[in-house]
1. Could you tell me which label, among (i) 18.3; (ii) 16.5; (iii) 17.5, carries the value of Kirkwood radius over Cα pairs in Å calculated for this structure?
2. Report the net charge of residues surrounding F42, where surrounding means a beta-carbon distance below 15 angstrom and charges are Lys +1, Arg +1, Asp -1, Glu -1.
3. Run the numbers for Q102 and V122: contour at 0.36 nm per residue of separation, minus the present Cα-Cα distance, in nm.
4. Using the Cα centre as the reference, give the magnitude of the dipole from point charges on the C-beta atoms of the chain (Lys, Arg: +1; Asp, Glu: -1; all else neutral), rounded to the nearest 20 debye.
5. Explain nothing, just the number: dipole magnitude of segment 1-110 about its Cα centre with +1 on each Lys and Arg Cβ and -1 on each Asp and Glu Cβ, in debye rounded to the nearest 20.
6. Mind giving me the nanometre distance, one decimal, between the label points for A158 and D22, set 7 Å out from Cα along Cα→Cβ?
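Only the coordinates and a few stated rules stand behind these numbers; no lab work does. Everything quoted here is computed from the prediction, not taken from an experiment. When we count neighbours, we look across all protein chains shown, and the Cβ atoms used for this are built from the backbone with ideal geometry, even at glycine.
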Amino acid sequence: MSETVSLPPFPTPLRWLNRPEDWSVDGDVLSIGAGASTDLFFDPGEPDRYANAPALVGRLDGDFTLSTRVRLDLLSTYDAAALLLYAGDDRWAKCGLELSPQGRPTIVTVVTRGVSDDCNSVTMDGTEIRLRISRLGPAFAFHVADESGFWHLIRYFALDGDPEVGFLAQSPTGGGCTVRFEDIAYSPKRLADLRGGE
């Protein structure tokens with residue numbers, strides 16, 4: 001899919017990885033519709049590799065933070081909205097709000113270097129769930145915030161290459177889902193305090 005997309009809060013054009021069922025941009029709100037059986041995951045213990053989830057990514061140079069509030073109806077296990085770092089077919093990382101097998105909205109991170117690891121972090125309540133990616137030199141950080149506004153560090157890691165950054169929707173076991181990324185905000189400044197909640 002060669003079409004590029006302009007998203008007002010994002011300073012460069014974005015491109016699609018995999019075709020969404022539907023999508024729209026309205027100001028700082030991006031909607032992505034994921035079809036049935038869509039995922040981005042390379043199972044470390046099985047030969048299964050899934051790379052058909054729709055994602056919109058673009059290049060950001062230097063240190064930055066990119067944050068968004070996510071909204072979706074979590075109908076099926078592993079339905080998710082995620083922020084994505086994409087350095088290539090077998091090098092990427094995502095941080096998302098996902099429906100766990102226990103039926104709870106859960107923050108999940110995956111870092112893939114040939115194969116994926118998978119870490120379920122914390123369950124979430126409420127509707128004001130925000131995700132954030134930050135680059136700090138050669139490293140990256142995933143944070144999450146709820147109604148309290150405190151940014152909790154979820155993961156701090158490195159990823160080889162120069163990843164593109166963006167937004168992903170998935171519905172691995174379901175019939176599809178629509179994700180809304182709201183209040184998208186970008187800053188070219190380096191995050192001052194990795195663990196201080198700002």
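1. Looking at Kirkwood radius over Cα pairs in Å for this model, the match is (ii).
2. Details: positive: R49, R91, K94, R113; negative: D39, D43, E46, D48, D89, D90, D117, D118.
Here the charged neighbours net out to -4.
3. Numbers: separation 20, 0.36 × 20 = 7.20 nm, distance 1.26 nm.
Gain in length upon complete extension: 5.9 nm.
4. Working: 18 positive and 29 negative charges, 82 e Å.
In debye, rounded to 20, the chain gives about 400.
5. Details: 9 positive and 16 negative charges, 40 e Å.
The calculated dipole for segment 1-110 is roughly 200 debye.
6. 4.5
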